[in-house]
Amino acid sequence: MFDLELVLPFSLGIVTAINPCGFAMLPTWLGYFIGKDTADSQARPEQVVRGLWVSMTLTATFVGVFGFLGFLISHLVNEETIAQKTPWITVVLGILLIPYGFSLLFKKNIKLFPSFSRRGPRSNELLSVIGFGISYAIVSVGCSAPLFLLQISGSFSREGIIEGTVIFLAYALGLGAVVTITTLSLALARGGIVRNLRKLLPYMDQIGALALLAGGAYLCIYGIYEIRTLNSPGSGANPIVGKINELQSHLTIWISEVGGLEIGLALWLIIITFVLWGLNPAFTGTAKNYLRFSILGIWLLLEGVLYKGTLVIRPVTYVILKWPERISHWFEKPERWAVPFEVLVSFIFLLIVYSTCSAFVREKNR
C-alpha cells in the first residue's frame, strides 16, 4: 500500500483541485471543454484518449507552475511579493472570461485561448490546455501555494531529490485524479449525447458558456476580495466568497473524514475503468477479451482483495439507499449547500437512464 508520508501530498493534491481561490477554474475548464465539438465526430476510443491527454496536460502544467513558483520563492523573490501580484491576475482572467462566455452563448467567434482543433494533440489545442493550466495555477496561489511550499516543495530539501520527486508525483496524482475524472466523464457524456440525444447538444454548449460566465464573475469577485483584504486586513467579508469557502470547507472535511487516499484510489479506479472501457471498441478478438479481463482483474484486486468493497461499491450503495431521504431534505432545508449539487446529480442520473432506454428502444426497433 502507500507509504504514510505519501498520503498527505496525495490528499493535498485532491484538496488543491477544489481550493477556494481557484474554485471557479475547474468548472470553467469543464465548461470550455464541453462547449467544444472537437470530438463529436470521433469514435469513443479517440474521445477517451483526448479526454485523458488534455487532463494529464492540464495537471502537469498546474503542478509545473507551482514547482516554478517554489523555485522562484526559494532563490529570487519572497512569497509575499507573489501573493500581492496574483489577485490582480485573477481579476484580469475573470474580465477576459466573461466576454468569452458571452461569445459562446451567442455563437460569436471570440478567442480567449487558442481554440480546439480537429487535428489532435499536435495542434493548437496544446496551447489552449496549457493556458488553462497556467491560469488555474496562478489563481490558486493564494490558497494552495503556502501548503504546497511547506509540504511538497520543501520535501526536496528535507528528504532529498528522489524522495522529493516521489512526493511531488503523489501530489500530482491527487490533483490529476479530480481533473481527469471530471474531464473524462464529460467527454463520455457528450459522446453519449451525440449518439443518443442530439436534441440536447445545443444545451450542452449553453451550459459550457454559462459555466464560463459564472467562473469569470467569481474570479473577478474573488480577486477584488483578495486585493481589498491585502490592502485592508480588517475589511468585511464578501457573502459570495464566504459561501464558496463554506462549500470548500465542507468538501475538505468530507475528504478528511473519508480519507484522501481512499477517495483518490476510488477516482483512479473509475478512471482506469473508463479508459479501458473506452478503448474496448478499438480492439477485436483475443485483445478485446484481455481488455475485459483486465478491468475485472483490477476491480477484484483493488476493490475486492485490498479494500473489501469500501472504495466504490459500499459508498455508492449507501448513497443510493440514502438518496430518497436527501430528496426529502430539499424541501425541508432548501438552504443547505449540498442541495444544488444533489439536484444536478439527480438530473444527470435521470438523463443517463433516459439515454440508455432510448438507445435500447432504437436498437430493438431496428
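Brief remarks on what is shown
- Qualifying residue in the range 244-257 (condition: in a helix (DSSP H, G or I), surrounded by 15 or more Cβ atoms within 10 Å (Cβ to Cβ) and free of Cβ contacts under 8 Å to residues at least 40 places away in the same chain): no
- Taking every residue in the range 347-366 that is within 16 Å of A189 (Cβ to Cβ) and pairing it with any residue that is at pLDDT 75 or above, at least 6 positions away or on another chain, yields no pair with a Cβ-Cβ distance below 7 Å.
- Which listed residue, of G278, G208, G215, is surrounded by 15 or more Cβ atoms within 10 Å (Cβ to Cβ), in contact with a Gly (Cβ under 6 Å, 6 or more places away or on another chain) and not aliphatic (A, V, I, L, M): G208
- Test for F293: is it under 19 Å from the mean Cα position of the chain (by Cα), hydrophobic (A, V, I, L, M, F, W, C) and either surrounded by fewer than 18 Cβ atoms within 10 Å (Cβ to Cβ) or at pLDDT 80 or above (or both): no
- The number of residues in the range 1-31 that are of a type in the set (F, W, Y) and at pLDDT 70 or above comes to 2.
- Single residue of G131, G176, G160 found to be more than 16 Å from G13 (Cβ to Cβ) and modelled with pLDDT of 80 or more: G131
- Unmet requirement for G260, which otherwise passes all of (1) farther than 25 Å from G31 by Cα; (2) surrounded by fewer than 17 Cβ atoms within 10 Å (Cβ to Cβ); (3) in contact with a helix residue (DSSP H, G or I) (Cβ under 8 Å, 6 or more places away or on another chain): (2)
- Among residues of the range 306-337 being among the aromatic types (F, W, Y) and either modelled with pLDDT under 85 or part of a helix (DSSP H, G or I) (or both), the one that is nearest to G259 (Cα to Cα) is Y318.
The values are calculated or read from the model by the stated rules, or taken from the named source; none is laboratory data. Since we're looking at a predicted model, the values are computed, not measured. All Cβ positions, glycine included, derive from the backbone under ideal geometry; neighbour counts span all protein chains shown.
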